[in-house]
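Below: one structure, written as structure tokens.
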Amino acid sequence: MTGDDHLDWVEYPHARIRFDLDTRRGRPVRFVVQLEYQIEGDWMPVARFDHDEEGEQAHDVTEEGLNMDVYRDEEKYRVVRGFPAVDLRDAPRYCKTYLEEHAGRLLRRFKEWHDPNRR
């Protein structure tokens, strides 16, 4: 199994996308693509796509389709569904691109909920 893990800044130094991908023979078997925001040194999840064929809390996008978890107060607040069908090999890149393109909106709502200036 091979992995591709990296971070990409969205709003340096406060917001980033964490990208974790494990593949077997070029096929994704697990991935996490998560938008995160830093408050007082702690990275908090904002929105997350994931896929895991074998984990305890497995979410297999080939069976369930893509969905995005939206977080509030570090807990899953809601699940966004209705994403287009995407081939599993293309799903990690699709999720990363989606978070990059929608980061502004997602971060604005997150900041309204958490008001980082109050802390």
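Read-outs throughout are calculated quantities, based only on the coordinates presented, and are distinct from any laboratory measurement. Values in this document were obtained by computation on a predicted structure and should not be read as measured data. Reconstructed Cβ throughout: ideal geometry from the backbone, glycine too, with neighbour counts over all protein chains shown.
Taking residues in the stretch 58-87 that are more than 22 Å from residue 36 (Cα to Cα), and partners anywhere that are in a strand (DSSP E or B), the pairs with Cβ atoms closer than 9 Å and at least 6 places apart or on different chains are 60/51; 60/52; 62/51. If you filter the stretch 20-63 down to residues that are under 28 Å from residue 114 (Cβ atoms) and acidic (Asp, Glu), you find that the one that is farthest from the chain's Cα centre (by Cα) is 40. Looking across the stretch 68-111 at every residue that is under 12 Å from the mean Cα position of the chain (by Cα), aromatic (Phe, Trp, Tyr) and under 25 Å from residue 23 (Cβ atoms), the one that is surrounded by the most Cβ atoms within 10 Å (Cβ to Cβ) is identified as 98.
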